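Heads up, the thing below is written out as structure tokens.
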Amino acid sequence: MEKLVLKCIGFYINATTIFTKYNQNLQFKLLCKVKKPPLKPATKAFFETGTTTLLPTSRGTNVALHHWGTGDKKLLFLHGWTSNSKQWQPYVEQFDLQEYTIYALDAPAHGASEGTHLNVELYRETIQSSVHYIGEVDCAICHSLGSLSTSYQYLLNPKTSIGAYVIMGTPSGIHAILNYSKEMLSLSKKALKNLRNKIDTVLKIPLEEVTLQRFFEKVDVPCLVIHEESDLVTPLAPIKSAIEHLPHIDRKYIQGQNHMLKGQETIDSIKEFLKYKTVKNYVL
């Protein structure tokens, strides 16, 4: 049934490509639409163990920035598509909250944040707002779309006050999301061109420049890449290739987890990185 629905949507998109502006807006709206479920009681209870601040967005909605702890080292956690800050509960429970202050942002239309749509530019904007609110972030710990959006923020402004990066389960760039849409909806060349042109009007830099390859080449602070070897959502191969000849990028390839990377090996790898490779403990 789902395949039939996707086929019908793709057919309609392809059939309306001659109406360029309508087709562009339709595709972009569908791509960014979020089906946001109500918060589960356990999620609400976890959020209530910390403090939540609402930050405004350019769309007139608010995003939720949660935080726990009082430590001098400030960490910013950024989740992926259809997740929320509940994803980071094991870190809140296992990290020393007298050493670290943990911030976790619910992306627009996710978790306790308002909205109905999310795109990389909107996520980037809220990441920038969060960093401005926090003041200086010792390390951004990112997953999936959070990794892509944080990398995009760095490419737009390398002077962003983030002292180190953990990039987990990331897509290789916006082109990977376009390819996914093309395959899922069987988009025609004209439809894909319309979507690319629309995205280029939204981004602050050209779509082709928003890649993890460029981020890895340009980043000049400590960076750790963590990726599941058998990840079916964001394949490892393009990320592995991107950092193959970049010795300044630390890497950890995980086996036996999945795209979400929730296992203890992942948490321990991040702890180790924070202990030895963040700016406050490590000189490049």
Note to self: C-alpha centroids of segment 141-201 and segment 17-65 sit apart, in Å, by 17
Ranked by GNM mean-square fluctuation in the chain (Cα springs under 10 Å), the top entry among 38, 238, 56 is 38
Extend 7 Å from the Cα of residue 267 along its Cα-to-C-beta direction; within segment 215-246, residues with backbone N under 19 Å of that point are 226-228
Plugging the Cβ-Cβ distance of residue 156 and residue 275 into 1/(1 + (r/R0)^6) at R0 = 30 Å yields, to the nearest 0.05, a FRET efficiency of 0.50
The Cα extents of segment 142-198 along the principal axes, largest first and rounded to whole Å, are 42, 22, 11
Expressed to one decimal in nm², the mean projection of the alpha carbon convex hull of the chain is 14.9
Note on segment 68-117: contact order normalised by length, alpha-carbon pairs under 8 Å, 6 or more apart, percent, works out to 47
Mean-square fluctuation maximum in Gaussian network of the chain, Cα pairs under 10 Å, restricted to 121, 244, 136, hits 244
Mean accessible area per residue over segment 77-211 (1.4 angstrom probe, all protein chains present, square angstrom) is 35
Counting only DSSP beta bridges with both partners in segment 136-284, the antiparallel fraction in percent, to the nearest 5, comes to 5
With 0.36 nm assigned to each residue of separation and the Cα-Cα distance removed, residue 30 to residue 11 gains 5.5 nm
quick note, the chain, DSSP beta bridge pairs, % antiparallel (nearest 5) is 30
On the formula 1/(1 + (r/R0)^6), with r taken between the Cβ atoms of residue 188 and residue 132 and R0 of 45 Å, the FRET efficiency rounded to 0.05 is 0.60
The extension gain from residue 22 to residue 218, computed as 0.36 nm times the residue separation minus the Cα-Cα distance, is 66.9 nm
Distance in nm between residue 241 and residue 179 label points, each 7 Å along Cα→Cβ, equals 0.7
For the chain, the percent of accessible surface on carbon and sulfur atoms (probe 1.4 angstrom, ligands and nucleic acids excluded) is 55
So, with points 7 Å from each Cα along the Cβ direction, the residue 99-residue 70 label distance in nm works out to 1.8
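Grab the beta carbon distance between residue 229 and residue 205, set R0 = 35 Å, and tell me the FRET efficiency rounded to 0.05.
That pair, residue 229 with residue 205, gives E of 0.70.
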The lysines whose Cα lies under 20 Å from the Cα of residue 74, excluding any fewer than 8 residues away in the same chain, are 86, 159, 271, 275, 277, 280
In debye to the nearest 20, the charge dipole size for the chain, taken about the Cα centre with +1 at each Lys and Arg Cβ and -1 at each Asp and Glu Cβ, equals 1180
Computed over the chain: longest principal axis from alpha-carbon atoms vs helix 145-156 long axis, angle to nearest 10 degrees, is 90
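The values are calculated or read from the model by the stated rules, or taken from the named source; none is laboratory data. For clarity, every value in this text was computed on a predicted model and none was experimentally measured. In this analysis, Cβ positions are derived from the backbone assuming ideal geometry, glycine residues included, and neighbour counts consider all displayed protein chains. SASA here: full protein model, heavy atoms, side chains in, ligands and nucleic acids out. Shrake-Rupley method; radii C 1.70, N 1.55, O 1.52, S 1.80 Å.
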